[in-house]
Structures are given as structure tokens and as C-alpha cells.
Amino acid sequence: MNTAMLQATNELPRLAVVEDDREFREDVLVPTLTRAGFEVDGMASALELYRAMTVRRYDLVLLDAGLPDEDGFSIAAHLRGLSPALGIVMLTGYASGDDRMRGLRAGVDAYLSKPASMEMVATTLRNLARRVVPNANLARAKWRMDEGCWRILSPDGVEIAMSLAERQVMKVLAASCGAPIKREALIASLAENVHDFDPHRLEMLVHRLRKKCLKLGREELPLRAVRGVGYVLTW
């Protein structure tokens, strides 16, 4: 499996996700890893993977062990025989030391036991991609909100739930396209009468939201105070 073309064009690393739990695959793994900077194809079986590999090159494979048509250990051994350069990560509920050794002997580069955080999965794959495809485009996603504006998504795809008040403030800030928003405008999104609202409540709301994002998302939310004006969100 030659990576020369990818290195020349600086494309996103191509990742095959082989997981037979459809909800976990399509609702969690595929969107999270897409946001983390991969070009992702989701598959439910070894047969789907092998068929896809006849028409497309993959740089990385994220592989479950318990698949309906072939176990992940034999798939890993088969893939490793085809390509020493392919990055292979197992993500499985088989968590014993013997299972881990079996995976490593089959040739996997990393063995993750479920439940593993999506941050750990994404980081493991990104680190492996740097070795497997040195010149690949690993530009990270930015901070953003989900479609319903109920969660903040970190660059690594970590979902951070917001309270109603946090959501209202973030919607106003996100709509400003990086322009500072006055405190009065933010308070107006929280209260009908801005004069009855203590401005310190807004400061505490922003402080707690930033602290929560730093703790869960492992990075600072690009939300800062603008002296004499209010707040600005730069993502």
C-alpha cells in the first residue's frame, strides 16, 4: 500500500472504521474522527473492508475484534501481511492481557479497550498518522457547536454539553463572526429586563464555561473578554 501519492498531494489521511455496531460507528466514530481530521469510511464487516480496499487506498484502519464474518485479530494479521506500512488500531471490548498480546502479535500498532474516550482514539490515530503518512494534512478541526447548538465540540471532537443560559450566550457570540459583542447584548439574551440582571452573573457564566471546556476539551475555548466592551469568540 503505497503512500507516495498521499505524501505528494498532502491529502487528509484515509481511515477505514470497521465496527459492526451501526449506532456507535455512524453516530460516534465516523463523525468524531471526521472532525478530528480524517477522511473516514465506515464499514460493518471484514467483507466490506476487503471490497473497499480493492478500489481505494487506506492509510489507517480502526478495527473491532468481534465482527460477524471474521475476527479482528485475523483481519489485522491479513492486513499486516499485505502492507507493513498500514496503520492498524484495534478498538474492542476484549480487554484482557491475553487479548492485547494477541492483537499485538497480529501486527496492530495500538490496542485500545472499550470504553475508550474519543479523545484517546483520535489522538492515537493522529499520532500513528504522523508516522505512517509523514506529509499528510493533519490540520485539526476548530472549536464549534453541533447543529442543534446544544453542545460545544472541541478540536479533538470532545462533546461538551451546555446549559440553556450558556447556549443562549454562545449562539449570540457565534453569530458575530469574530466581532466583539457588548455585555448588554449578551445579557439581553438571558433576561427580558437587562437592568434587573447582575452583570457578575454573566462573568461567572463565561468563567465556568471556559473552565468546563478546558477540563473536558483539554484546550482553552477561544472566548475572551474585551475591555470596556464585552466578549469575543474567535473560532
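The values are calculated or read from the model by the stated rules, or taken from the named source; none is laboratory data. Remember, it's a predicted structure, so these values are computed and weren't measured experimentally. Because the Cβ atoms are built from the backbone with ideal geometry, glycine has one as well, and the counts that use them run over all protein chains shown. Keep in mind that these areas ignore ligands, DNA and RNA; they rest on the heavy atoms of the full protein, side chains included. Shrake-Rupley method; radii C 1.70, N 1.55, O 1.52, S 1.80 Å.
With the full set of protein chains in place, find how many percent of the accessible area of segment 32-93 is carbon and sulfur; take the probe as 1.4 Å.
Accessible surface attributable to carbon and sulfur in segment 32-93 totals 57 percent.
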Partner aspartates and glutamates for LYS114 [C-alpha distance under 17 Å; skip if fewer than 8 residues away on the same chain]: GLU19, ASP20, ASP21, GLU23, GLU26, ASP27, ASP64, ASP71, ASP98, ASP99
Taking only Cα atoms of the chain, radius of gyration then Dmax in Å: 21.7, 70
Fraction of antiparallel bridges per DSSP, the chain only, in percent to nearest 5: 40
Cross-link partners of LYS215 among aspartates and glutamates (Cα-Cα below 18 Å; sequence separation of 8 or more within a chain): GLU119, ASP156, GLU159, GLU166
³J(HN,Hα) computed for each position of segment 201-206 - Karplus, 6.51 cos²θ - 1.76 cosθ + 1.60, integer Hz, glycine/proline x: 5, 5, 4, 5, 4, 5
Overall dimensions of segment 77-187 by Cα: Rg and Dmax, Å: 20.2, 64
ARG51/ALA85 FRET efficiency (R0 22 Å; Cβ-Cβ; nearest 0.05): 0.55
Debye, to nearest 20: dipole size of the chain, +1 on Lys, Arg Cβ, -1 on Asp, Glu Cβ: 1020
Calculated over segment 17-103: convex hull of Cα atoms, volume per residue (Å³): 96
